[in-house]
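Written below as structure tokens is the structure these notes are about.
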Amino acid sequence: MEIIFNTESLSFEYISHDEKKEQKTLALNDINVSITQGEFVSILGHNGSGKSTLARHLNALLLPTAGTLWVKGMDTKNAQNTWQIRQTSGMVFQNPDNQLVATIVEEDVAFGPENLGVPSAEIRQRVDWALSSVGMSKYADVGPHQLSGGQKQRIAIAGVLAMRPDCIILDEPTAMLDPRGRKEVMQTVLELNRNQGITVILITHFMEEAVLTDRVIVMDAGLVVMDDTPRNIFKEVDRMKKLGLDVPAVTALAHQLRNNNIELPDDILTIEEFITYFKP
Amino acid sequence: MRKIVIGQYYPATSIIHSLDPRIKLGGTVFFIVTLFTVNEWGAYAVAISALASVIALSKVPPKFMFRGLRTMFFILVFTASLNIFLTPGENVLVEWFIFRITSEGVSQAARIGLRLITLVTASTVMTLTTTPIQLTDAIESLLSPLKKIRVPVHEIAMMMTIALRFIPTLMEEVDKIMKAQMARGADFDTGGLVKRAKSLLPLLIPLFISAFRRADELAQAMDARCYRGDVGRTKMKIMRFARRDFIACVIAIIYAVALTALNNFL
């Protein structure tokens, strides 16, 4: 499989201005990861761990202060690559309201391809396809303010899809949504990954969402501290706790039971799995 | 689903609704200009009947047409009374103290009043039959020659679009902040003018801060979607003149000729 993202000792330092003193913060510290086309990766980490900063690098919104990041072989530091990179890896942000530009859903989905200079007839096709991919075709001509949070996020995903990206980066897309909206968005993203082979990088706070992905990268203080399958990551309950992260509730429960000498495997991730061990 | 309308667009399917927005915008400006050339009653009759037929074709209930006039009422009365009292003339109808009303004054006031009413109604017809987004597109297209003298036409149109997009969002936000402040004991409804203006501060400050934050995030999102101003941009919906638009142009020309004839040769 083709490698889509590749970093070599990627670092990012920024200067924050406090009341009087200036403080240098190393938000990303010597990151070396590579992500293959078609993967579904989640990035975990508590606030300030650098996960959002990393996401913004993948789309050339931020540029490394040291080291290099290649997107499909293109160096993000080369300004000539910027637009090609942003077309390759689309980004969905946290606040559903602050990323929709137009007053009508289909016009908003068309915004990306319009910026790329795609011919009108093809934009029309792409918009219709993108809206049906996220299951929002019947909302094509309503205003964004008439939609729920989950629906708005699906429109934002459609807006990225219409640019025909290889990868979608989602920066805590469900943080401001209710459980139903969260489910809608995850369902949409999963389908895109499974059916269309689009690489997905999901930054999230919700462990239940990370469980659904193929690979989990855990970040802490600008470093990648763990990088493995969800099953291998979440079985290290104590280490996750130390990093200020939770594990899925059912994994935590199994862990507790195991500590109390009830025999259970250490890599239970879902309730369905858990139940199978208690069936007579 | 309930349709919340921004501006005063009245959704309907009529020939006026389906006209190219550029024709409607240009036509309205043209109509208003012709109104200022009109002086004779016969020409007024033509202008008013032309407007009346457009209203009839638009299928918008006439009561919506006159909403715009309500806000205009004061200006209307003010202008008309100035004209009544200040027009010099021979034929004195009433004279009292320093006030003098002449028949020329009355006729002038009536004409000015009629002109204002027609003018406001004409622009109301346009905004009732054109969505704000169509209007923005029309303005961008009609002003595009100005790009040659470096007027940022595309940027202006984009700003208008974003403003339209965020009106409902910010209104929702005002509502939320207001309720949050009321829950903490804020009082927006009582007191004098100064006190009320002051009580708006705890509403306006959070609103502004959040608007700036939104602007920042939106700019980033637009950047991420490859927005770089007017450079190499295409549009999904291209405005094209249809046959009905040409017919509208022809009618407008016939109207202008008729008006000029009535105004000058009768």
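The table below lists the values:
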quantity	calculated
Residues of region A:178-215 satisfying the condition of being buried (at least 21 other Cβ atoms within 10 Å of the Cβ), within 17 Å of A:Leu100 (Cβ to Cβ) and of a type outside the set (S, T, N, Q)	A:Glu184, A:Val185
Qualifying positions in region A:57-85 - touching a residue at least 60 places away in the same chain (Cβ under 8 Å) and within 17 Å of the chain's Cα centre (by Cα)	A:Leu58, A:Asn59, A:Val71
Criterion violated by A:Val134 - all others in (1) at pLDDT 95 or above; (2) closer than 20 Å to A:Phe40 by Cβ; (3) of a type in the set (A, V, I, L, M, F, W, C) satisfied	(1)
Which listed residue is under 30 Å from B:Val54 (Cα atoms), touching a residue at least 60 places away in the same chain (Cβ under 8 Å) and β-branched (Val, Ile, Thr), from B:Thr130, B:Thr161	B:Thr130
Residue match in region A:108-131 (condition: within 18 Å of the chain's Cα centre (by Cα), closer than 21 Å to B:Asp216 by Cβ and at pLDDT below 95)	no
Scan of region A:151-166 for residues that are within 9 Å of another protein chain (Cβ to nearest Cβ) and in contact with a Leu (Cβ under 7 Å, 6 or more places away or on another chain), ordered by number	A:Ala156, A:Met163
Residue, surrounded by the most Cβ atoms within 10 Å (Cβ to Cβ), within region B:220-266, restricted to residues that are within 14 Å of chain A (Cβ to nearest Cβ) and in a helix (DSSP H, G or I)	B:Ala224
Cross-chain or 6+ apart pairs with Cβ under 9 Å, region A:260-272 first and polar (S, T, N, Q), then not in a helix (DSSP H, G or I)	A:Thr270/A:Pro248
Any hit, region B:157-172, residues being in a loop (DSSP other than H, G, I, E, B) and within 12 Å of another protein chain (Cβ to nearest Cβ)	no
Residue count for region A:216-225, restricted to those that are surrounded by fewer than 18 Cβ atoms within 10 Å (Cβ to Cβ) and part of a strand (DSSP E or B)	2
Helices (runs of 4 or more DSSP H) within region A:32-150 that include 1 or more residues acidic (Asp, Glu) and within 14 Å of another protein chain (Cβ to nearest Cβ)	A:105-116, A:120-133
Any hit, region B:26-46, residues being of a type in the set (A, V, I, L, M) and surrounded by fewer than 11 Cβ atoms within 10 Å (Cβ to Cβ)	yes
Test: residue in region B:89-112 that is surrounded by fewer than 18 Cβ atoms within 10 Å (Cβ to Cβ), closer than 28 Å to B:Thr260 by Cβ and among the charged types (D, E, K, R)	yes
Region A:162-196: number of residues that are on the phi > 0 side of the Ramachandran plot and more than 15 Å from the chain's Cα centre (by Cα)	1
Of the criteria (1) exposed (fewer than 15 other Cβ atoms within 10 Å of the Cβ); (2) more than 14 Å from every other protein chain (Cβ to nearest Cβ), which one A:Ala27 fails	(1)
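Rundown of residues vs (1) farther than 24 Å from A:Ser34 by Cβ; (2) not in a helix (DSSP H, G or I), yes/no style:
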residue: A:Ile201; (1), (2): no, yes
residue: A:Glu208; (1), (2): yes, no
residue: A:Thr213; (1), (2): no, yes
residue: A:Val250; (1), (2): yes, no
residue: A:Ile262; (1), (2): yes, yes
residue: A:Leu269; (1), (2): yes, yes
residue: A:Ile275; (1), (2): yes, no
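Per-residue answers, yes or no, for (1) in contact (Cβ under 8 Å) with a residue 12 or more places away in the chain; (2) more than 23 Å from A:Asn98 (Cβ to Cβ); (3) charged (D, E, K, R):
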position: B:Thr169; (1), (2), (3): yes, no, no
position: B:Asp175; (1), (2), (3): no, no, yes
position: B:Gln181; (1), (2), (3): yes, no, no
position: B:Ala186; (1), (2), (3): yes, yes, no
position: B:Gly191; (1), (2), (3): no, yes, no
position: B:Lys195; (1), (2), (3): no, yes, yes
position: B:Ser199; (1), (2), (3): yes, yes, no
position: B:Leu203; (1), (2), (3): yes, no, no
position: B:Pro206; (1), (2), (3): yes, no, no
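The values are calculated or read from the model by the stated rules, or taken from the named source; none is laboratory data. Just so we're clear, the structure is a prediction, and the values are computed from it rather than from any experiment. Note that each Cβ is placed from the backbone with ideal geometry, even for glycine, and that neighbours are counted across all protein chains shown.
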